[in-house]
1. Between Thr189 and Asp223, how many nm apart are label points set 7 Å from Cα along the C-beta direction?
2. Take the Cα of Thr68, step 7 Å along the line toward its Cβ, and report every residue of the range 22-50 whose backbone nitrogen sits under 16 Å from that point.
3. With labels modelled as points extended 7 Å from the Cα through the Cβ direction, what inter-label distance (nm, one decimal) is found for Glu18 paired with Ala156?
4. Give the calculated FRET efficiency between Ala241 and Glu43 to the nearest 0.05, with a Förster radius of 51 Å applied to their Cβ-Cβ distance.
5. In what sequence, highest mean first, do 257-264, 322-329, 354-361 appear when ranked by Cβ atoms within 10 angstrom?
6. Once amide H atoms are placed 1.01 Å from N in the peptide plane, what residues at a sequence separation of 5 or more from Tyr80, or on another chain, have their amide H within under 5 Å of its amide H?
7. Give the order of Lys103, Lys297 when sorted by the count of other beta carbons within 10 angstrom, beginning with the fewest.
8. Can you tell me which of 15-23, 381-389, 90-98, 107-115 comes out highest on packing, and rank the rest after it, using the mean Cβ neighbours within 10 Å?
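Please treat every number below as a calculation from the coordinates, not as lab data. This is a predicted model, so every value here is computed, not measured. Neighbour counts run over all protein chains shown; Cβ positions are idealised from the backbone, glycine included.
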Amino acid sequence: MKLVIVDDIATNRELLRETFEAEGHTTLEAADGVEALQILDREKVDAVLSDVLMPRMDGYRLCHEIRTTARLRDLPIVIYTSTYTSPSDEKLALSLGADKYLKKPAPFETILIALHEAIAMQHTALRPEAWQEVEVLKEYSDRLVTKLEKRNIELAEANERLTILDRAKTEFLDVISHEFRTPLCGLFTVGELILEGISSPEENSELQGVFERSRRRILSILDDALLLTRIDVKRDQFGSAPVSLSAALIRAIESTTEFAESHHVKLNPVPADLGLILGHEDMLVRAFHALLETAVKFSEEGEAVRTECDVVADSRRVIIEGHGRQIPSPAMAKFFDIFSIGEAITPGGDLGLGPPVAYRILSLFGASVGVANLDHLPGIRLIVSLKPSPALPYCSASSALAALKT
């Protein structure tokens, strides 16, 4: 079969071309109806597969032009589009001469069946004696349908197996976390008792600090590992709603203050009214907390972590800066990978799971985070881009909440 693929998006055309040619068919490409008619003027083809919305000449007009041109009027046409909104769209396409109307996305077998049926319809209309050919095509279509049904069953079975494995992984990590915490609690209690028995106040203070940092780090790693697993396995269970950006940042700063003070680093406050963003407040607080801790680790003693917010295009942007140490070039590309940076590249120690936890939480709500070294002095800049609340994109949090209540 030789056909013309008409679509203004090049990647769509290329994907269809590669799929058809892999099955032994010949394809020609056109970016709109005008190019398609130029190809049809010089090439003899078996069918046309066309999108609807295109510049210069759309799919509806292309159908009309083909059906009103004497030498093209019997050419099979299949419309393949994502613009379907009601049965009237299909009715319009068929009334203008399309033989079939498909909605994107559709399996390749479905597209191929529609093309063969369109060709068969035209051949039958032209040559009543072609019923034998139609039967052959119908048998071929039936085989394709059977193959498609078998593939769908295999995919459903594979998806069920993956769901079971994902559930087992989550349950396994839940058990491991619980089993770790039980003996750890005993170790922590014994450690505290030992520290209380040390007579030297200076020695006790130093050991107490080491003990407390180690305790927090162990528990933090367990919590972060479980959260990462739940995000990977149960992404669709994390709903989103309008959230006060100021409230989330203030809570994150409060939860990071003790960590910052232990490193002798200050956290600058944020404005009180930054509007609403899309997300889940507790999850966003955790993401900001992880990023603030990361900035603290890149800060020298006596420095301050600066947090700023602004509006860029259709997003809210949060900038967090730490001053004192930069990211080595080899580590920049893998900064948000899990356990990719285990070595201590900061004054505050290794990064642990903080950056990947923040990255994955933000991705749940269509947000993003990037990192760069500062240009004018040693330090890093973390840039978070967040979606504003779709209902009230740029109003203040107080006015937005008031509007939501009315």
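1. In this crude spin-label approximation the distance works out to 2.2 nm.
2. 33-34, 37
3. Roughly 2.9 nm, to one decimal.
4. It comes to 0.40.
5. Peptide ranking by packing, descending: 354-361, 322-329, 257-264.
6. For Tyr80, the qualifying residues are Ser50, Asp51, Leu102.
7. Least to most surrounded, the residues fall as Lys103, Lys297.
8. Final packing ranking: 381-389, 107-115, 90-98, 15-23.
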